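Since every read-out is calculated from the coordinates, none of them should be taken as a lab result. Because the structure is a prediction, the values reported are computed rather than measured. Using ideal geometry, Cβ is built from the backbone for each residue, glycine included, and neighbour counts are taken over all protein chains shown.
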Amino acid sequence: MAACAWGNTPAFAGAQADAAHVLNRLAYGPAPGDIERVAKMGVANYIDAQLHPESIELPAALNERLSALDMVQRSSGEVLGDFLAVRDAVKDEAEDAKAMRRAVQARITTQAAEARIARAVASPRQLEEVMVDFWFNHFNVFSGKGQVRPLVASYERDAIRPYVFGSFRDMLGATAKHPAMLFYLDNYLSRGGKLNENYARELMELHTLGVDKGYTQKDVTELARMLTGWSYAPRQLVARNETFRFDPKRHDGGDKLWLGRVVKPQGQAEGEYALDVLAVHPATARHVSAKLAQYFVQDQPPPALVERMAQTWVASKGDIRSVLATLFASAEFMAPEARGAKFKTPYQFVISAARAGAAPLAEVRPVMGALDRLGMPLYGCQTPDGYKNTQQAWLNPDALSRRIGYAATLAQGVDPAMVQAALGETVSARTLGIVAASPEKIRTAMLLGSPDFMQR
């Protein structure tokens, strides 16, 4: 549904308008000076640079901040060890042990959030941060489930972030073998004679082929059999940072018939073969291309664009950068009707507000609290399908009221002229008129709480 269905976002055109549109899609909205900078360098050059983030240097202050987050820098085994130690210490019911557990768990949670949010707000590699958000939702794990909490920072760092522009097959394998995913979808429990089909089902329905794409419940069961023995041992993870192990004693060693193919006993290679097939399957190409087009273009993605992206996927064997290049070069992406056609998720709203206001992010807890109140706690989606990114999922009166309240809080002390300049032509003449007629002390809040700002 387009923005005009509820708001008054303008249909804007021109070099600066093109820059604003691209910044609202490839980035978390413009920071002061961004629209002018991107218009000057050219949208095509900006897109190319964002697709190759290694060419963009990170600010020293951001690097310094990230380096200070020891829980994020440490191995997954070390953090899990701390988590398990304080959890086990609580068994004696001592109050000091409980306080220690709360402190360690809060430190783990807060530092993971700070690393993600600080990058999203301050990194010039904006598309990289946008893609981390997209792929984490695609391969979602819920930090509230047991051992996932201490593993979530490692999951994002080691299984998502390195692959956001690379091979889909590589990311598929990295997520499949990470202990956060193995624990979240219970594959670490699955063994011959005692199958757990959770991961196999979501691997086909959500991560690759999509729902009702020509496979059966029998195919899910057979894939689960192929993935038996894919596990991890918490003690070995803590002691040796062994994040994945294939246990042949747990593997179902029989023949399988999966997607019409006879799969002979090959141990771990059976699961690797399944990932190979799924990563380049035409149904996967269409399913994930449609999700990308929905995220970057419109809630109902143009079928012709999805088909071209899927063709690129198949031809490149799942090279994500190539698929994104096809998307961003398309007429559909830059079309006037696509501008302002996406309603921001709570995460996009909060991050874009911080960027537009150039707000110093000294403390991350208020941002985490805002995300909680807006219904999108970071790493907090309980279901494996991740958070939605459509207007239907997030537009309702209560949510708008909460967003406006957050805008009012964030706006305190922020220059409205700076915010208005940062947002450029994305703000409609009607909104500008209302803001100009209002007291100066509430103008920033009105800009950040306006229907125009809710769209991207």
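Some notes on this structure:
- Proximal aspartates and glutamates relative to Lys213, as straight alpha-carbon distance under 20 Å, when same-chain residues fewer than 8 apart are discounted: Glu197, Glu202, Glu205, Glu222, Asp276, Glu307, Asp385
- The mean sequence distance of close C-alpha pairs (under 8 Å, at least 6 residues apart), as a share of the length of the chain, puts its relative contact order at 23 percent.
- Dipole magnitude (debye, nearest 20) for the stretch 204-245, charges at Cβ of Lys, Arg, Asp, Glu: 280
- Gyration tensor (alpha-carbon) shape descriptor, the chain, a/c threshold 1.5: oblate
- With the charge dipole of the chain set up from +1 on Lys and Arg Cβ and -1 on Asp and Glu Cβ about the Cα centre, the Cα lying farthest toward the positive end among the listed residues His287, Ile442, Thr326 is that of His287.
- Note on the chain: helix-only mean residue ellipticity at 222 nm, from DSSP H runs of 4+ residues weighted -39500 (n - 2.57) and normalised by residue number, equals -16500 deg cm²/dmol.
- Residues Leu410, Leu195 arranged by fewest to most Cβ contacts within 10 Å: Leu195, Leu410
- Dipole of the chain, positive direction: furthest Cα of Met100, Ala200, Gly254, with charges on the beta-carbon: Gly254
- Among the listed pairs Lys249/Lys317; Lys145/Lys317; Lys145/Lys388, those whose Cα-Cα separation exceeds 26 Å are Lys249/Lys317; Lys145/Lys317.
- Ordering of 64-70, 362-368 by packing [mean C-beta count within 10 Å, highest first]: 362-368, 64-70
- Its Cα centre serving as origin, the chain has a Cβ charge dipole (Lys and Arg +1, Asp and Glu -1) of approximately 480 debye.
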